[in-house]
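The structure under discussion appears below in the form of structure tokens.
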Amino acid sequence: MSAELAQRYGAPVPRYTSYPTAPHFTSSIGVAQARAWLSALTAGSKLSLYVHIPFCQSLCWYCGCNTKVVNKYGPIERYLASLNQELATVAALVPREHGVSHIHFGGGSPNILKPAHIGALAAALRERFNIEESGEFAIEIDPRGLDGEHVAAMKVAGVNRVSIGVQDFEPAVQSAINREQSYETTRDAVVMLRDAGIGSINIDLVYGLPHQTRASVARTMQQVLSLEPDRIAIFGYAHLPERIRHQRLIDPASLPDLTERLGQANRLARLLAADGYVRVGLDHFAKPGDALAQGGVHRNFQGYTTDGADALIGFGASAISRFEAGYTQNATGITEYQEKVAACGLATTRGIALSHDDRMRAFVIERLMCELAFSESDLRERFGESASPLIEEAAALMETDRDGLIERTTDGFRVTERGRPFVRSICGCFDAYLGESEARHAAGV
């Protein structure tokens, strides 16, 4: 039956880190709208800041992130100058009364920055925004480029959570994706971070990569568990060579099929459950004492998070911001980003204004992704009688489910354990935009 379900519900579908999803953003939203939305933030609202560092020292063939390989530091310094200009422009529009509860440096590989520049960037954020002392400051790292000076700079900057990319420890898999990273390198990074007092560690893994099997991902997981990370994320590889040119370097014949992908995801989930980790949403796991396992989970462009800020402001090339009124996205290319910032201080090139229907569907999809449940009462409490059409859609979904993916509750439905791997496909049933663009998505399992 697992093979049948994988074929039936494994069709490409969005990851739903936002709704509407980015392929539906348009150029009708630009710098003027971004300025207006920044200036109109509700008094007292909490902010989250995301800073994108789009550089790496080498190219991982599986990667779908917006990044560029550099072998000189000059382009990074020029990018940081533009980033600081964008920070200054936004800070001038946003009153300091807005507390910042979350900061995230993503990439690319943010630890490609020199230690002094990590500190300077953090200092610039603290100078221009009201950073709460109790807030979370997370950074993504490539352990292959981490040293003691980087760790010391992160500690001084206030970093208190680090996400380490691993993907897989099997040599054959690493060779096929051009990412050679030993267990020892990863272990040493974890030790350095913990010795410095940065104790909250997340490790990212990927299944569905070339040459992976259920047995091989289990071996990698046992090595990861020996490091005792607080959180583990297991993402399904999205093979999109039509859109991501360097993925063409991966032999498609080496990729596991949908049934094997589902088997790998299930094997990893069972190993984590046996080790005491709490499953969060679709693909994140946390130790019982971690905040992510305590509820109050949200979903944004970095995945599952406890970040419940009212608005997210993204800085850097390709960064996306989320406001009550809609989404904006910066220019994706580094050169275009720098030119836009030089010209007007901001780099917004597209986005989308949210309709009332968008907000309702976004709420339903996020709750399904995070809590695996559809609540009629929650929907009516937030949106009143206008929620009725969505409630009717949920009723129709329950009537047509023949595979036990969802089960009725007194207040709607919940996704079953059988249905959990296909929650993105279930969310797709509430996506009014699905199929309206030519965007290609990752497999549904």
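The values are calculated or read from the model by the stated rules, or taken from the named source; none is laboratory data. Only a predicted model underlies this, so the values are computations on that prediction, with no experimental measurement involved. We place every Cβ from the backbone using ideal geometry, glycine too, and count neighbours over all the protein chains shown.
Within segment 118-134, the set of residues being of a type outside the set (A, V, I, L, M), in a helix (DSSP H, G or I) and free of Cβ contacts under 8 Å to residues at least 40 places away in the same chain comprises Gly119, Arg126, Glu127.
Glu376: more than 26 Å from Gly236 (Cβ to Cβ), surrounded by fewer than 16 Cβ atoms within 10 Å (Cβ to Cβ), of a type in the set (Asp, Glu) and more than 21 Å from the chain's Cα centre (by Cα), yes or no?
Answer is no for this residue.
Which ones in segment 206-230 are on the phi > 0 side of the Ramachandran plot and either surrounded by 21 or more Cβ atoms within 10 Å (Cβ to Cβ) or not in a loop (DSSP other than H, G, I, E, B) (or both)? Listed by number, the list holds a single entry, Gly208. Given the options Glu140, Glu132, name the one that is surrounded by fewer than 21 Cβ atoms within 10 Å (Cβ to Cβ) and in contact with a strand residue (DSSP E or B) (Cβ under 9 Å, 6 or more places away or on another chain). Going through Glu140, Glu132 in turn, just one is surrounded by fewer than 21 Cβ atoms within 10 Å (Cβ to Cβ) and in contact with a strand residue (DSSP E or B) (Cβ under 9 Å, 6 or more places away or on another chain): Glu132. Of the residues making up segment 25-45, not a single one is in contact (Cβ under 8 Å) with a residue 24 or more places away in the chain, under 21 Å from Met369 (Cα atoms) and not small (Gly, Ala, Ser). The residues on offer are Arg418, Arg408, Arg402, and the sole one that is surrounded by fewer than 17 Cβ atoms within 10 Å (Cβ to Cβ), in contact with a strand residue (DSSP E or B) (Cβ under 9 Å, 6 or more places away or on another chain) and of a type outside the set (Asp, Glu) is Arg408.
Just one of the listed residues (Arg382, Arg359, Arg402) is at pLDDT below 95 and either under 26 Å from His284 (Cα atoms) or among the basic types (Lys, Arg) (or both), and it is Arg402.
Going through (1) small (Gly, Ala, Ser); (2) without any contact (Cβ under 8 Å) to a residue 40 or more places away in the chain; (3) surrounded by fewer than 21 Cβ atoms within 10 Å (Cβ to Cβ) one by one, Ala88 falls short only on (2).
When we screen Ile198, Ile234 for residues that are assigned to a strand (DSSP E or B), of a type in the set (Val, Ile, Thr) and free of Cβ contacts under 8 Å to residues at least 60 places away in the same chain, the only hit is Ile234. Here is a check on your reading of the model: is Thr17 under 29 Å from Arg424 (Cβ atoms) and β-branched (Val, Ile, Thr)? Yes; evaluated as a whole, the condition is true for this residue. Within segment 168-195, if we keep just the residues that are surrounded by fewer than 16 Cβ atoms within 10 Å (Cβ to Cβ) and among the small types (Gly, Ala, Ser), the residue that is farthest from the chain's Cα centre (by Cα) turns out to be Ala172.
Restricting the search to segment 135-161, which residues are assigned to a strand (DSSP E or B), touching a residue at least 40 places away in the same chain (Cβ under 8 Å) and among the acidic types (Asp, Glu)? Hit for segment 135-161 is Glu136, nothing else.
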